1. Would you mind calculating the relative contact order of chain A from Cα pairs under 8 angstrom and at least 6 residues apart, reporting the percent as a whole number?
2. Quick one: what does P(r) look like for chain A with 5 Å bins over all Cα pairs, in whole %?
3. Once R0 is set to 45 Å, what does the formula 1/(1 + (r/R0)^6) return for the Cβ-Cβ distance between residue B:26 and residue A:15, expressed as a FRET efficiency to the nearest 0.05?
4. Report, to one decimal in Å, the Kirkwood hydrodynamic radius for the range B:1-41 based on all distinct Cα pairs.
5. Translational diffusion coefficient, Stokes-Einstein: compute it for chain B using the Kirkwood radius over C-alpha pairs as Rh, at 4 °C and 1.567 mPa s, and state it as an integer in µm² s⁻¹.
6. For the pair residue B:83/residue B:9, report the inter-label distance in nm, with labels modelled 7 Å from Cα in the Cβ direction.
7. Could you please state, rounded to a whole Å, how far the C-alpha centre of the range A:47-110 is from the C-alpha centre of the range B:1-23?
8. Residues of the range B:74-88 with backbone nitrogen within less than 14 Å of a virtual label 7 Å along the Cα-to-Cβ line of residue B:55, please, listed as ranges.
């Protein structure tokens with residue numbers, strides 16, 4: 001009965017590849033987010049979508065492209081992966097004032 | 001712009017002792033404040049939040065925090081530490097743009113419990 005789920009949990013890939021991370025929420029929320037947690041555990045917002053519309057884009061490289069096919073899903077596609085993209089990526093969704101996070105996807109770029 | 005400062009990247013307390021994790025914020029609007037906990041290799045779990053109303057808020061697992069506007073602080077406390085409290089704790093502030101909140105996080109505090 002997971003509220004916010006992400007797949008895959010782990011992703012190991014080579015530099016230059018393209019990969020996607022999927023996120024789904026069953027909370028009925030209108031707003032979803034992607035956050036990046038670096039190796040020092042620092043969390044920073046990347047994107048937010050409200051009812052399938054992009055609301056926040058925090059100076060993320062164009063290689064990152066979020067896609068929201070419906071308000072319950074927000075996927076993250078990354079082109080031409082670089083070593084610096086290695087991180088844990090968290091999806092979240094929010095009601096009026098609180099964000100609920102998924103379990104994270106640990107991306108390792110070799 | 002908002003910011004959050006968590007004093008002490010690592011805090012160690014003995015089992016049964018008081019836990020105090022410090023958080024100071026900066027916000028140009030009345031803040032919404034949150035504490036999240038992250039257990040090893042897991043996602044973030046909401047511990048507690050302050051939006052409006054009572055400034056002392058209680059959360060899960062016996063934690064509480066007090067919003068002090070004059071001190072721009074939102075410190076997290078627990079009277080008696082348990083081994084299961086060992087985790088990373090994040091304080092965050094929201095910009096209150098309803099439905100489009102952007103959470104700004106502090107750098108986290110790793111809590112270690114000494115048996």
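Since every read-out is calculated from the coordinates, none of them should be taken as a lab result. Model, not experiment: these values are computed from the prediction. FYI the Cβ positions are ideal-geometry reconstructions off the backbone, even for glycines, and counts take in every protein chain you see.
1. Values: 274 pairs, mean separation 40.4, N = 110.
This gives 37 percent for chain A.
2. Each 5 Å bin holds this share of Cα pairs: 2, 13, 25, 27, 19, 10, 4, 1.
3. Efficiency, rounded to the nearest 0.05: 0.75.
4. 12.7
5. Stokes-Einstein gives a translational diffusion coefficient of 91 µm²/s.
6. Roughly 2.8 nm, to one decimal.
7. Answer, in whole Å: 28.
8. Inside the label zone: B:74-75.
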